[in-house]
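Asks: Here it is, the structure, as structure tokens.
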Amino acid sequence: MQFFSGGVAISALAVLGVLTLAGCGGSSSSSSPTVPTAALAAGPKTFSAFGNTANAVTVTGGTGPYSVTSSDTNVIPVPAQLTGATLSITPKNVLANTTVTLTFTDKAGATSAVTVTVVPATITTPVITVTNAAGSVCAAENNSGITVATLCAGEIGSASIMLKDANGAVLANRSVLFEVLTFGGTVAPKADSAVFARLTTVTTDATGKATVALKADVEVTSEAAFLRATDVTSTHRIDSWINVLKQTSGVSDLSVIPATGGFAAYYTNECPLVRREYGISGGKAPYAVTLPAANTLVLSDGTAAAAPGAGITVAKAGARFTVQSSATTPCTGSRTEMTVTDALGATTKPTFVITAGSATRPTATTDLTLSPPNISMAADIISTYCTTSNTRYAITGGTGPYLVSTSIPQIAVTVNSANAVDASFTSDSKWRMLKGQIATILVLDAAGKVATATLACN
């Protein structure tokens, strides 16, 4: 069974999971009377969605504005008219699989139907509850905005979830599969288990609680670990992220995630505005972050941005800083090695890489378009996800005002005062954009035309 809930289903064997969530494609209608309007299409056409979980259905073709009806508004309530070309739905929870048909209608009366199977959500919390090892030297670095918890290599804590049905009844004696889907941790039924592995199955107790022992890898480099817990009966699952830090002589090593960030441009000699986030763990705060001489990237501690090329100070472990490149032409590929130095003089050198684009910009048109057609963020090599990011697309042609939406609910999009689309997403304990995921950005103009672009994590 496949689920579209802003995340993606991946195999327990895919330890470094190169994952794909394809956004729904489509082409904009043309202003030329000789080019036919694309047929109305809403998608995905058929999918399953857990109760109490956000999902998105996108619309392409036809002529906006669009309206939508639900065959069961008690399970999936919908607005009378879409705002843009995406419908965000959060189904009510159910006791058994329930099928709901959503029917989309465009301005000309054309229709397109989507079938949603709503599956019971049985896990009651949005993240896996992780308890640190007693006396952990990493406990001071916990940051709930980024991670559920922070473990040091070799330490054993615990991970747990609660199961209840849609009426709040406890689900006892249910099998729950716990998985660690990246390097960084292993699990076992109990802390004194002889064997720890990447996955293990336990049963809920009389209160509906399922608990496993969680051990940080001894050989780990400082990184993020991806945890998943699945109710085997309902297949409802939740994902969480923790930080795992390497230790040397009882002190956690200085680390920056991602080790390599940045983005890939689309057009030759053109770079869009992109901001990427880096997180600091281990070492001893405060931290100095500096750029090479004559560099023009902009650093920020999350509160205030420095002048282009200037350094910043990050006050505490578990905190974050951002790196921003400006929209420039001409733009070529580059690799910037930053230096992060802690209070004891330890250093690490994360990089910000810009990959030059190769496409030739097409001749200007009066039709509605988003530019560039794709912006690709670089995923961290070890943790295989994209950290918190911001970027911008230009709207050209068409007729204002414009409405914008996206195929992944966790990605925020707005039209700014310059008629450009600002797109951003936050990597936190509940959701991160994984390597291979692709979101579709959709713009609907006042004449009912739709244009699309994509935002990828690669």
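FYI, it's all coordinate maths here, none of it is from the lab. Keep in mind it's a predicted model, so treat the numbers as computed, not measured. Using ideal geometry, Cβ is built from the backbone for each residue, glycine included, and neighbour counts are taken over all protein chains shown.
Asks: Just want the answer: with Cβ charges of +1 for Lys and Arg and -1 for Asp and Glu, which residue in THR115, LEU434, THR339 is farthest toward the dipole's positive end in the chain?
Replies: THR115
Asks: Between ASP205 and THR111, 0.36 nm times their residue separation minus their Cα-Cα distance comes to what?
Replies: Between ASP205 and THR111, full extension yields 29.0 nm more.
Asks: Over 10 Å intervals from 0, what percent of Cα-Cα pairs in region 340-458 sits in each interval?
Replies: Each 10 Å bin holds this share of Cα pairs: 12, 38, 30, 14, 5, 2, 0.
Asks: Turning to a different aspect of this structure: Between MET162 and THR260, what is the label-point separation in nm under the 7 Å Cα-to-beta-carbon projection?
Replies: Inter-label distance under the simple model: 4.4 nm.
Asks: Return the FRET efficiency for the residue pair SER249, LYS190: r is the Cβ-Cβ distance, R0 is 25 Å, and the value is rounded to the nearest 0.05.
Replies: 0.30
Asks: Could you go through region 400-417 in sequence order and give the Karplus-derived ³J(HN,Hα) for each residue, using 6.51 cos²θ - 1.76 cosθ + 1.60 with θ = phi - 60°, rounded to whole Hz, and x for Gly and Pro?
Replies: Once θ is set to phi - 60°, the couplings for region 400-417 become x, x, 10, 10, 10, 8, 9, 7, 10, x, 6, 9, 8, 9, 9, 9, 8, 5 Hz.
Asks: Quick one: dipole size for the chain, taken about the Cα centre, charges +1 on Lys/Arg Cβ and -1 on Asp/Glu Cβ, in debye to the nearest 20.
Replies: The dipole magnitude comes to about 220 debye.
Asks: Another one. By its C-alpha gyration tensor, with a ≥ b ≥ c as the square roots of the eigenvalues, how is region 234-280 shaped: rounded for a/c under 1.5, else prolate for a/b larger than b/c, else oblate?
Replies: It comes out oblate by the Cα gyration axes.
Asks: Report the extension gain between ALA293 and ASN419 in nm, rounded to one decimal, defined as 0.36 nm multiplied by the number of residues separating them, less their alpha carbon distance.
Replies: That works out to 41.9 nm of additional length.
Asks: Oh, and also: Rg to Rh for region 203-296: what is it, with Cα atoms only and Rh by Kirkwood?
Replies: 1.13
Asks: With θ set to phi - 60°, apply the Karplus curve 6.51 cos²θ - 1.76 cosθ + 1.60 along region 291-308 and write out the HN-Hα couplings as whole Hz, x wherever there is a Gly or Pro.
Replies: Result, rounded to whole Hz: 10, x, 4, 6, 7, 10, 5, 10, 9, 9, 8, x, 10, 9, 8, 7, 5, x.
Asks: Still on this structure, please answer the following. Where the centre of each part is set by its Cα atoms, how far does region 360-432 sit from region 193-254, in angstrom?
Replies: 33 Å
Asks: Give the relative contact order (percent, whole number) for region 296-418; include only Cα pairs under 8 Å separated by 6+ residues.
Replies: Contact order relative to length: 14 percent.
Asks: If the viscosity is 1.002 mPa s and the temperature 20 °C, what translational diffusion coefficient in µm²/s does Stokes-Einstein give for region 276-416 when Rh comes from Kirkwood over Cα pairs?
Replies: So the translational diffusion coefficient is about 122 µm²/s.
Asks: In vacuum, with every alpha carbon of region 129-252 counted as one equal point scatterer, what does the Debye formula give for log10 I(q)/I(0) at q = 0.20 Å⁻¹? Two decimals, please.
Replies: So the normalised log intensities are -1.05.
Asks: If neighbour count is taken as other Cβ atoms inside 10 Å, put ARG432, ARG361, ARG320 in order from fewest to most.
Replies: Listing ARG432, ARG361, ARG320 from fewest to most nearby Cβ atoms yields ARG361, ARG320, ARG432.
Asks: Could I ask something else about it? Which ³J(HN,Hα) values in Hz, rounded to whole numbers, follow from the phi angles of region 219-233 under the Karplus curve 6.51 cos²θ - 1.76 cosθ + 1.60, where θ = phi - 60° and Gly and Pro get x?
Replies: Per residue, the Karplus-derived 3J(HN,Hα) values read 8, 5, 8, 5, 6, 9, 10, 9, 9, 9, 10, 10, 6, 4, 5 Hz.
Asks: For a protection proxy built on the mean count of beta-carbon atoms within 10 angstrom, sort 440-447, 367-374 highest first, please.
Replies: 440-447, 367-374
Asks: OK, next. Starting from the coordinates of the alpha-carbon atoms of region 105-153, obtain the Kirkwood hydrodynamic radius over all distinct pairs and give the value in Å to one decimal.
Replies: Final number for the Kirkwood radius of region 105-153 is 15.4 Å.
Asks: Normalising by the residue count of region 129-252, find the relative contact order in percent from Cα pairs under 8 Å and 6+ residues apart.
Replies: Contact order relative to length: 30 percent.
Asks: Need the C-alpha centroid separation for region 287-352 versus region 32-105, integer Å.
Replies: When both Cα centres are located, 42 Å separates them.
Asks: In debye, nearest 20, what is the charge dipole magnitude of region 321-458 about its Cα centre with +1 on Lys and Arg Cβ and -1 on Asp and Glu Cβ, if you could check?
Replies: Value, rounded to 20: 160 debye.
Asks: If you take the Cα Rg of the chain and divide it by 2.2 N^0.38 Å, with N the number of residues, what do you get?
Replies: Here the Cα radius of gyration is 1.04 times the empirical estimate.
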